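This report refers to the structure that appears directly beneath it.
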Amino acid sequence: MLCTLIALAAVCSAAPELPAQNTLYDPNSGYADIVLLNSPVNPDRTEKSTPTLDKMATIDFVAHSTTGLTHESMTREEIDERISPYGRFDGRPGMPYDEYREAMEYVWLNATDYARKPSPVAVDIAKAYRYNDLVAIMKDLSCYEGVSLYDIGVSAEGRAIYALEVDVPSSKKKNTVVLTGSIHSRETAGAVFLLKELAELLSAGTRESKEVLATTRFAVVPCCNPDGREAVCFDAKKYTMSDGQYWKATTDGTDLNRNFPGLVWSQVANGNKKIATVASAPRSANYPGDHAGCAPETKALMKFLYYYIGVEKSRILIDYHQQGALSYSGKPWSTARQQALCRELTDRMLSVLNAGNRHKYILVSETADYGLNGTGSTLTDYASSVAYGAKFSPGFGFCVYADGKDEYPLCAVPHADDSKFRIVEAVPGFRTMTFEIGYGRQCLGYSYETRKLLAEEYYSHHFDRVLYEVAKYCQGVR
Ligand SMILES: [Zn+2]
């Protein structure tokens, strides 16, 4: 079905003309206004610490995020036996407890640039950006008061993975919005779209942008998979398959968006078949990894997501992909109310993107048995697991529900509304969705033509409004 949609979308790809760049960046607006908004300047902004890093240092992330009911990995046979009344455990092993601790105990480094004065930051989607160029933009953004840049982990090839936190000092109560991009190598647009959205918001200097910044904290990992993005963008020949498809996995063949130790890891419920697309060995897409959470990028993202969702109780996560002007919403394994809330966010955001457009983003619903057919867990599966009250089980090696006495893998609770015990949500009101940017396969890859199409889509589909509208949406659901 997806292929049909992409093919259809490819036919209708005309997009309106790009506005002139210089209409967006007024060097006399922006920073000065933001400082006025923030007066007095946050006295805690020093070179070593930020309120976030100080707070993180006080939290025992492992204790906070695990069930406390098991402390050692179960054998495959033990897991099979526990799951046998409900289905089977099929696929790769869960996450070893020592690796889980490594992920959760990783100490973020402060990479904020305090030395330079902020200046307007221009992001041009039609331009080719190497990862170092993206990092330079993140550094530039971190010069703004209230913006911090954190080094949250290191990729397999040794690139730093960065998170930006936009938390402009304000006396108003804030909502936290979490944004992630470019977890799939060939889906290069998310990183640049997110950086452009942030750059425009920070330098707009309008009454509306100030209100957004005063009421919303943004936590953003623009590029979740720096090695893969760099490979597809600048070593395209090597990372193109014989059928012309670009690489989605990390350069060593793990699909990061199947690698998270969330509730759905490797379980096949009774009556379900294992889906055919789960690869059994490293390849360009769909291999969930040698075990859950094995990729260093996954580990970095796990702590990032756990902090902002599990600890800071963010109710909004939007993950930027690039697979054909679509959107996915919610988790079929969650409660009807949880699904309805995700749908509400998705409908709202799609109404923003689709306004005035003949070529519309389409909502694609997951099939009902999704998540219990042997797949690994996605980034949003993991985040939803945390928000919906699941904890990591050292015994199983993935997230489970727990009632204080026992652990229940998702197989045992296939319909959360009918659970035999009370599931306590960690984040009541949590909503997640994905954007799948781009009309058709001509929007994949990194040629100039592709980048130009994406740049047009940024404006034609109002991505410059996303941060504003998601902030307003949060205000409405407070
Ligand atoms: Zn994707």
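The values are calculated or read from the model by the stated rules, or taken from the named source; none is laboratory data. These figures come from a predicted structure and were not determined experimentally. Glycine gets a Cβ as well: all are built from the backbone with ideal geometry, and neighbour counts include every protein chain shown.
Some observations on this one:
- Qualifying positions in region 436-472 - in contact (Cβ under 8 Å) with a residue 40 or more places away in the chain and among the hydroxyl-bearing types (S, T, Y): Y439, Y446, Y448, Y458, Y459, S460, Y468
- The sole residue among V352, V364, V386, V400 that is crowded, with 20+ Cβ neighbours inside 10 Å, farther than 28 Å from E77 by Cβ and touching a residue at least 60 places away in the same chain (Cβ under 8 Å) is V386.
- Filter result for V220 (surrounded by fewer than 19 Cβ atoms within 10 Å (Cβ to Cβ), at pLDDT 95 or above, under 23 Å from the mean Cα position of the chain (by Cα) and not acidic (D, E)): no
- Residue match in region 193-201 (condition: within 16 Å of A122 (Cα to Cα), surrounded by 24 or more Cβ atoms within 10 Å (Cβ to Cβ) and within 16 Å of the ligand (Cβ to nearest atom)): yes
- Taking the numbered list (1) more than 16 Å from the ligand (Cβ to nearest atom); (2) within 22 Å of the chain's Cα centre (by Cα); (3) not polar (S, T, N, Q) in turn, F421 passes all entries but (2).
- Residue that is among the polar types (S, T, N, Q), more than 30 Å from L201 (Cβ to Cβ) and either in contact (Cβ under 8 Å) with a residue 40 or more places away in the chain or assigned to a strand (DSSP E or B) (or both), where the choices are N272, N257: N272
- Taking the listed residues G205, G228, the one that is touching a residue at least 12 places away in the same chain (Cβ under 8 Å) and either within 16 Å of the ligand (Cβ to nearest atom) or basic (K, R) (or both) is G228, with no other qualifying.
- The set of residues in region 79-106 being free of Cβ contacts under 8 Å to residues at least 40 places away in the same chain and either closer than 26 Å to T50 by Cβ or outside any loop (DSSP other than H, G, I, E, B) (or both) consists of D80, E81, D98, R101.
- Filter result (of a type in the set (D, E, K, R), under 21 Å from Y448 (Cα atoms) and not in a helix (DSSP H, G or I)) within region 190-235: D235
- Failed condition for T298, given (1) of a type outside the set (F, W, Y); (2) surrounded by 24 or more Cβ atoms within 10 Å (Cβ to Cβ); (3) within 16 Å of the ligand (Cβ to nearest atom); (4) in a loop (DSSP other than H, G, I, E, B): (4)
- Residues in region 428-442 that are surrounded by fewer than 20 Cβ atoms within 10 Å (Cβ to Cβ) and either more than 16 Å from the ligand (Cβ to nearest atom) or under 15 Å from S365 (Cα atoms) (or both): P428, G429, Q442.
- Enumeration of residues in region 310-357 that are farther than 20 Å from L467 by Cβ and either among the charged types (D, E, K, R) or touching a His at 6+ places or on another chain (Cβ under 6 Å) (or both): K331, R337, R343
- Every residue from region 314-341 that is crowded, with 20+ Cβ neighbours inside 10 Å, away from the ligand (no atom under 16 Å from the Cβ) and either part of a loop (DSSP other than H, G, I, E, B) or within 15 Å of the chain's Cα centre (by Cα) (or both): S314, R315, I316, G330, K331, W333, S334
- Members of region 223-241 found to be closer than 18 Å to Y287 by Cα and either among the β-branched types (V, I, T) or at pLDDT below 95 (or both), listed by number: V232, Y239, T240, M241
- For region 254-271, a residue qualifies if it is at pLDDT 90 or above and either polar (S, T, N, Q) or surrounded by fewer than 16 Cβ atoms within 10 Å (Cβ to Cβ) (or both), and the qualifying residues are T254, N257, N259, S266, Q267, N270.
- Residue selected from region 144-189 under the condition within 16 Å of the ligand (Cβ to nearest atom) and in a loop (DSSP other than H, G, I, E, B), by the criterion farthest from the chain's Cα centre (by Cα): R186
- Residues in region 232-290 that are among the aromatic types (F, W, Y), in contact with a Phe, Trp or Tyr (Cβ under 7 Å, 6 or more places away or on another chain) and within 16 Å of the ligand (Cβ to nearest atom): Y239, Y246, W247, F260.
- Considering region 97-116, and only residues there that are of a type in the set (F, W, Y) and closer than 15 Å to F396 by Cα, the residue that is nearest to the chain's Cα centre (by Cα) turns out to be Y100.
- Per the conditions (1) more than 30 Å from K273 (Cα to Cα); (2) within 23 Å of the chain's Cα centre (by Cα), the sole criterion not satisfied by G94 is (1).
- Elements of the type strands (runs of 3 or more DSSP E) sitting completely within region 360-478 and holding at least 1 residues that are of a type in the set (K, R), over 28 Å from A214 (Cβ atoms) and at pLDDT 95 or above: these cover 391-393.
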